[in-house]
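The values are calculated or read from the model by the stated rules, or taken from the named source; none is laboratory data. Everything numeric in this text was worked out from a predicted model, so none of it was measured. Note: ideal-geometry Cβ built from the backbone for every residue, glycine included; neighbour counts use all protein chains shown. To get the accessible areas, we keep the full protein, side chains included, count just its heavy atoms, and leave off ligands, DNA and RNA. Shrake-Rupley method; radii C 1.70, N 1.55, O 1.52, S 1.80 Å.
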Amino acid sequence: MRRGTLVAGISLKPYEQTEATALVDSVLLGAVLLVVVGFAAWWLLASALRPVGRMTEQAALWSERDLDRRFNLGPPHDELTRLGATLDGLLDRLGASLRHERRFSAELSHELRTPLARIIAEAELALLRERKTPEYREALGTC
């Protein structure tokens, strides 16, 4: 036998308030974490690439002033030492090329200096006094 029905009601307002607070706090926490992770990634990348920047600056200075300087980081075992070995090889090839060019220029200068000196001397000798046409022809033929 049924005597009656009991209806109980409770307000959902506190639960809705908690839900809204949790949503706002989650968004704020996500934003803060994103900023922290972004800063940490930037700092780690900057720290990791700093040696590469130093090596680049050193190589640029060496290629201008001192072609015999090298990084000498030993046998390559990671990315930085491989980069150092690569740059050392590049500087070796650049130095060899420049030494070859200097030697070639010196040899060429020497080879040209002797014939040019002879031509100048022959022309000056021909111009020292008045000559006849056949003598001028002979002097020009020698030049």
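In the context of the full set of protein chains, the chain has a per residue accessible area of 87 Å² (1.4 Å probe). Dipole orientation for the chain: of the candidates ALA41, HIS100, GLY89, ALA41 has the Cα lying most toward the positive pole (charges on Cβ; Lys, Arg +1; Asp, Glu -1).
A Gaussian network model of the chain, with springs between Cα atoms under 10 Å, assigns the largest mean-square fluctuation among LEU61, LEU116, LEU90 to LEU116.
Report the Rg/Rh value for the stretch 49-143, based on alpha-carbon coordinates and the Kirkwood definition of Rh. Reported Rg/Rh, Kirkwood definition of Rh: 1.49. With the charge dipole of the chain set up from +1 on Lys and Arg Cβ and -1 on Asp and Glu Cβ about the Cα centre, the Cα lying farthest toward the positive end among the listed residues GLY53, LEU116, GLY4 is that of GLY4. Of ILE120, ILE10, the order by accessible heavy-atom surface (1.4 Å probe, DNA, RNA and ligands excluded), from most exposed downward, is ILE10, ILE120. Return the tail of the calculated pair distribution for the stretch 91-143, meaning the percent of Cα-Cα pairs more than 18 Å apart. Looking at the stretch 91-143, the distances longer than 18 Å represent 54 percent of pairs. Spin-label model, TRP43 to GLU122: label points 7 Å out along the Cα-to-beta-carbon direction sit 8.0 nm apart. Altogether, the Stokes-Einstein calculation at 25 °C and 0.890 mPa s, with the Kirkwood radius of the stretch 31-95 over Cα pairs as Rh, returns a diffusion coefficient of 182 µm²/s. Using a probe of 1.4 Å on the protein chains alone, the accessible area found for TRP62 is around 20 Å². Once the Cα atoms of helix 79-127 and of the chain are each reduced to a long axis, what angle between those two axes, in degrees from 0 to 90 to the nearest 10, is obtained? Computed tilt is about 20 degrees. What you get for the stretch 33-135, charging only the Cβ of Lys and Arg (+1) and of Asp and Glu (-1), is a dipole of about 100 debye around the Cα centre. Split the accessible area of the chain by element, probe 1.4 Å, and carbon with sulfur accounts for 64%.
Can you pull a Stokes-Einstein diffusion coefficient for the stretch 1-118 at 25 °C (0.890 mPa s), Rh from Kirkwood over Cα pairs, as a whole number of µm²/s? The calculation lands on 113 µm²/s.
Largest GNM mean-square fluctuation among GLU130, GLU107, GLU79, using the chain with Cα springs under 10 Å: GLU130.
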